[in-house]
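Just below is one structure, and these are the notes that go with it.
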Amino acid sequence: MYCPFCREKDSRVLESRLSEENSSIRRRRECESCQKRFTTYERIESIQLLVIKNHGGREPYSREKLMTGIVTACRKTTVSAQQIAEMLDGLELELQILGKREIQSSQMGQLVLSRLRLLNEVAYVRFASVYRQFQSVEDFIGELNKIADERSLSPTID
């Protein structure tokens, strides 16, 4: 493992722990040369998943591309980078369990939305606005009304 700061090859592991979904191992490392610390993640390499786009084209699943969309939706909210990484780990684990080689982008979007809804409502609405291609203020109001209606129907815990 190369140090991201000085590119030295030798580093030592200070701490290892499983992610919340038990789908990856988080390792805290320290460079033997410059003594700076960094984090690495070890994941099982799975079969290449293809995402079927709305226009019918196919492209390889990209964790980075999906993370960029989620990070953008979560910007200036209370959602941490760790929570986003754990959400992606859980999503990827679910996709692995499904065992499919291809997934519709619409199904992928729904999986993300269901997780974001539990994590942060503002991030959920932001992601939904791009994913569902909101065209007007009425689209936003409709989505917000759905959230408010569901809130009023769900029992509160005191």
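Taking the Cα centre as origin and putting +1 on Lys and Arg beta-carbons and -1 on Asp and Glu beta-carbons, what dipole magnitude results for the stretch 1-45, to the nearest 20 debye?
160 debye
Going toward the positive end of the dipole of the stretch 46-153, with +1 on Lys and Arg Cβ and -1 on Asp and Glu Cβ, which of VAL112, LEU50, THR78 do you reach last? Result: LEU50, furthest along the dipole toward the positive end.
This model, with +1 at the C-beta of Lys and Arg and -1 at the C-beta of Asp and Glu, gives the chain a dipole about its Cα centre of some 520 debye.
Take every Cα pair under 8 Å whose residues are at least 6 apart in sequence, average their separation, divide by the length of the stretch 23-137, and the relative contact order is 26 percent. Just checking the listed ones, ILE52, ILE97, ILE84: in the Gaussian network model of the chain with Cα springs under 10 Å, the one fluctuating most is ILE97.
Per residue of the chain, the DSSP helices (runs of n ≥ 4 H) give a summed -39500 (n - 2.57) that works out to -15000 deg cm²/dmol at 222 nm. Ranked by the mean number of other Cβ atoms within 10 Å per residue, highest first, peptides 118-126, 74-82, 102-110 order as 118-126, 102-110, 74-82.
3J(HN,Hα) couplings calculated from phi for the stretch 106-118 with the Karplus curve 6.51 cos²θ - 1.76 cosθ + 1.60 (θ = phi - 60°) are, in sequence order, 5, 5, 4, x, 5, 4, 5, 4, 5, 6, 5, 4, 6 Hz; Gly and Pro show x.
A short reminder: the numbers here are calculations on the coordinates, not readings from a lab. All values derive from a computational prediction rather than experimental measurement. All Cβ positions, glycine included, derive from the backbone under ideal geometry; neighbour counts span all protein chains shown.
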